[in-house]
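Read the structure below first, then the notes.
Any read-out appearing in this document is the output of simple, stated calculations on the displayed coordinates, not a laboratory observation. None of the values given here were measured: they were computed from a predicted structure. Here the Cβ positions follow ideal geometry from the backbone for every residue, glycine too, while neighbour counts run over all protein chains shown.
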Amino acid sequence: MFTEVSLLETLTPFALFGMFAALTWWILDWVATAKPRALERLDELNRPRSRANPDGLPSKKTDAVTKVLEKATPALAKPLEPKSEEELSRLKLKLAAAGFRSDTASKAFLGLKFVGLVAGLLLGGGTFFPFFGATQQTMVMTIGLAGGLFYLPDLALWLIARSRQKAIFLGLPDALDLLVVCVEAGLGLDQALRRVAEETRKTCRALADELNLVNFQLQMGRPRAEVLRELGERTGVADLRTLAAVLIQAEKFGSSVAQALRTQSDAMRIRRRQIAEEKAAKTAVQLIFPLVLFIFPGIFVVLVGPAAITMVREMFPIMSGGK
């Protein structure tokens, strides 16, 4: 009887947590799918037919999870919204470095952080409290789990931005060589950038997207110097900022754009080779710790082990079982 009561007390928090999660999901799903059919038809009429319904068939409903995120994240992001325009611009710049440039990207990011915080508190409370009780250690574990899930979107965003910047850095010298060929062949800088964006789409998608955005902004009539400066700041790649500065100076002083691009391309290739040589030189130092910690002990046991056993048998015959 005592075992059944203790088991019931242990499972009660899990049951309550599952019921609360199911009820919350049902409410969010109901809110997402409660859009009238008339409004859906108006949305279909407002969108171009080639994008909304290319085959003339009835459009399928959007996934419930997507609708929930679109409607729930603005409300969830309110407690974490930046208090000043400087903080908001810094957040948008960090999201742009990872490739998220939409208007709702900041709200979705902050909403995910808030969801991670709440999920960490619920999971920690529903998991740690039944097993360890309401102690200080349990509170610390719950808060640690909530904090980890709260900063998980920041870590994911940093990893995505770093991978994207590395891809742009590796693909930039080849794209710059192609840009030099296009400019020397007689194309203008705008047409050359458009051509490079088309050619690099398969090899470096991130760089192609950035160049397409540059071409779109130039077509909208924005000054070229401002667009190039924003390109360097948006991506966070130092070589791209240097390239933007070189192009701005070449246009400002009337020098040869092709010669400036060729010089910059050679400098980028030299820098990339120097980085490779630096990493190769660091390899010997970085291998010391794995060798000392994992490989040398095994070699020591294999080489010295038999000799040590023989010495013990000769010096201590009684301990080794000899007469």
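What to note about this one:
- Only listed residue being surrounded by 14 or more Cβ atoms within 10 Å (Cβ to Cβ) and out of contact with any strand residue (DSSP E or B) (no Cβ under 8 Å at 6 or more places or on another chain), chosen from 159, 178, 170: 178
- Here residue 122 passes the criteria (1) assigned to a helix (DSSP H, G or I); (2) hydrophobic (A, V, I, L, M, F, W, C); (3) more than 18 Å from residue 201 (Cα to Cα); (4) free of Cβ contacts under 8 Å to residues at least 60 places away in the same chain except the one numbered (4).
- Applying the criterion of at least 2 residues that are loosely packed, with under 11 Cβ neighbours inside 10 Å to the helices (runs of 4 or more DSSP H) found wholly in segment 187-295 leaves 238-253, 257-286.
- Hits in segment 119-142 (condition: among the aliphatic types (A, V, I, L, M) and closer than 25 Å to residue 108 by Cβ): 119, 121, 122, 123
- On inspection, residue 178 passes the criterion of being part of a helix (DSSP H, G or I) and of a type outside the set (Phe, Trp, Tyr).
- The condition (being part of a helix (DSSP H, G or I) and in contact (Cβ under 8 Å) with a residue 60 or more places away in the chain) is satisfied by just one residue among 95, 117: 95.
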